[in-house]
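A.B. asks: First the structure, then my questions, so here it is.
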Amino acid sequence: QVQLVESGGGLVQPGGSLRLSCAASRSVSSGSIMGWYRQAPGKQRELVAFIAGNDITSYTDAVKGRFTISRDNAKNTVYLQMNTLKPEDTAVYLCYVRSFLGTTTWGQGTQVTVSS
């Protein structure tokens, strides 16, 4: 079972940037999808972005043009570059990997707080 470890969260002022990283404990199949969800207090978990093995990406409308997802298969790592952060981006960000068999593995989450 692959394990995922996120890093890069923290406190940032509105308009600032953060880069989240999610490292897998072993090689992830190129057929897997890697991505990020977020969950804010009192709200449903929301899919933020994902990237497929062929580098096709998808974003929720709220982050389009501000967030960029990428993956480094050699390092078994997926990144989420977050620019022009807004208070409404505040949430716990959870990394996931979905295998071509449909199995989903989750990271433990990293807190992102956007506040002045």
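A.B. asks: Taking the Cα centre of region 1-97 as the origin, how large is its charge dipole in debye, to the nearest 20, when only Lys and Arg (+1) and Asp and Glu (-1) carry charge on their Cβ atoms?
C.D. replies: 60 debye
A.B. asks: Provide the per residue accessible area, probe 1.4 Å, for the chain, rounded to a whole number of square angstrom.
C.D. replies: 52 Å²
A.B. asks: Give the Rg (one decimal place) followed by the Dmax (whole number) of the chain, computed from C-alpha coordinates and expressed in Å.
C.D. replies: Gyration radius and largest Cα-Cα distance of the chain: 13.4, 43 Å.
A.B. asks: Counting other Cβ atoms within 10 Å of each Cβ, which chymotrypsin sites (Phe, Trp or Tyr not before Pro) in region 19-110 have at most 15 and sit in a DSSP loop?
C.D. replies: For chymotrypsin sites (Phe, Trp or Tyr not before Pro) across region 19-110 that sit outside H, G, I, E and B with at most 15 neighbouring Cβ atoms in 10 Å, the list reads Phe100.
A.B. asks: Which aspartates and glutamates, on any chain, are close to Lys86 with Cα under 20 Å apart, when same-chain ones fewer than 8 places away are left out?
C.D. replies: Glu46, Asp61
A.B. asks: Give the longest segment of the chain that steers clear of trypsin sites (Lys or Arg not before Pro) in DSSP loops with at most 13 neighbouring Cβ atoms within 10 Å, not counting the sites themselves.
C.D. replies: After excluding every exposed loop site, the longest remaining stretch is 76-116.
A.B. asks: Now a separate question. For the chain, with all protein chains present and a 1.4 Å probe, just round the carbon and sulfur fraction of the accessible area to a whole percent.
C.D. replies: 49 percent
A.B. asks: Then there's this: Just add up the charged neighbours of Ile69: K/R +1, D/E -1, any other residue whose Cβ is under 12 Å from the Cβ of Ile69.
C.D. replies: It works out to a net charge of +2.
The values are calculated or read from the model by the stated rules, or taken from the named source; none is laboratory data. As the structure is a prediction and not an experimental result, all values here were calculated from the model. Cβ coordinates were reconstructed from backbone atoms using ideal geometry, including for glycine residues, and neighbour counts include every protein chain displayed. Note: areas computed on protein heavy atoms with side chains; ligands, DNA, RNA excluded. Shrake-Rupley method; radii C 1.70, N 1.55, O 1.52, S 1.80 Å.
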